[in-house]
1. Give the Kirkwood hydrodynamic radius (Å, one decimal) of segment 169-234, defined as one over the mean of 1/r across all pairs of different Cα atoms.
2. Under 18 Å between alpha carbons, and skipping anything fewer than 8 positions from Lys22 in its own chain: which lysines qualify?
3. Normalised by the number of residues in segment 11-298, what is the relative contact order in percent for Cα pairs under 8 Å and 6+ residues apart?
4. Evaluate segment 132-248: find the radius of gyration of its Cα atoms, find its Kirkwood radius, and give the ratio Rg to Rh.
5. What do you get when you divide the Cα radius of gyration of segment 1-130 by 2.2 N^0.38 Å, with N the number of residues?
6. With a cut-off of 8 Å between alpha carbons and a minimum separation of six or more residues, what is the relative contact order of segment 49-189 in percent?
7. Check cross-link reach from Lys196 to the aspartates and glutamates: straight Cα distance under 15 Å, and skip same-chain residues fewer than eight apart.
8. Do me a favour and compute the ellipsoid semi-axes for segment 54-118 from its Cα gyration tensor, root of five times each eigenvalue, largest one first, whole Å.
Amino acid sequence: MAASGSERVAVEKCKGINGLDKVVLREPRGSTAEVYLYGAHVTSWTNDHGEELLFVSSKAMFKPPKAIRGGIPVCFPQFGSHGSLEQHGFARNRFWSIDTDPPPFPTNSKSFIDLILKPSEEDMQKWPHSYEFRLRVALGTGGDLMLTSRIRNTNADGKPFSFTFAYHTYFSVSDISEVRVEGLETLDYLDNLQNKERSTEQGDALTFESEVDKIYLGTPTKIAILDHEKKRTFVLRKDGLPDAVVWNPWDKKAKTMADFGDDEYKHMLCVEAAVVGKPITLKPGEEWKGRLELSAVPSSYCSGQLDPQKVLQNS
Ligand code: TA6
């Protein structure tokens, strides 16, 4: 059956849950992505078989000021509790606008949207800085999902500002106890479950059997998440984002979260491209760029190919 009009429109603005504005991106071969203007929050990424690749909780509240539980929340200007602002900053619970006149930024994708956030008076009370935060969300020809953030300091008072940042990606996995993460072996990390104590990771790929909340410092630019049951590997490539956070609340913490199902920890894993260890500082007029590229490939393509030495050689 021939695809009707909206089915293959590359970029469609429409209403989502609770009437919130969203943008649907479609790529000719069938993959799609959905972005809510609330939080510039990617809530869906599907492959060309229509399979959902991101986890969104069945209890997620699409109701400001609560952040959406799942997908890709954007943490800015503060990651986690690394500062005096609310957890993960405020960008994830602000209404962004469509950037109708973005500075030139070449792309070979037809399926992309540019969003922009500028501080409100209320924000300036909390974080007295003027900035322009541009986020481009794009679907590549092969169905890859790319997020590119450009943050510019537009303070007129000559003041620099510093921030931490994360793409807090929730990957959908078949069974967390069957998942491996490659690329973080032997790295130092801050353990959020041990008062941010610094330790060094063991030499093998990560596997999961309990709550984890670790901030890996100075990681390779490629990290792989292998989901054996689904014979699928997520390859995460990042630029300008030296750190990576790995989080799964497991059973006890899951029960304490109102917008998260008690057993949903079995089907998600957060691997977050981030800047935490060494905050970014921008002088007026300066701009920072942080890029994330996600691919989902058949596992046979990846397993073991991401030995850190090889990764470093290839990156
Ligand atoms: O990224 C990991 C983390 O900082 C954890 O400490 C956990 O709190 C998680 O984020 C979720 O945070 P949220 O504020 O969305 O409940």
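1. Details: mean 1/r = 0.0790 Å⁻¹.
Across segment 169-234, the inverse of the average 1/r is 12.7 Å.
2. Within the straight-line limit of under 18 Å, Lys22 reaches these lysines: Lys13, Lys63, Lys66, Lys110.
3. Values: 762 pairs, mean separation 52.4, N = 288.
Once normalised by length, the contact order is 18 percent.
4. Numbers: Rg = 16.6 Å, Rh = 16.3 Å.
Looking at segment 132-248, the ratio lands at 1.02.
5. In units of the 2.2 N^0.38 Å rule of thumb, it is 1.16.
6. 25 percent
7. Candidates past the 8-residue exclusion: Asp188, Glu211, Asp213, Asp243.
8. On the way: eigenvalues 123, 57, 27 Å².
For segment 54-118, the ellipsoid semi-axes come out as 25, 17, 12 Å.
Taken together, the values in this text are just the output of simple stated rules run on the coordinates, not laboratory data. Just so it is clear, the structure is predicted and the values come from calculations on it, not from any experiment. Positions of Cβ are backbone-derived with ideal geometry, glycine not excepted, and every protein chain shown enters the neighbour counts.
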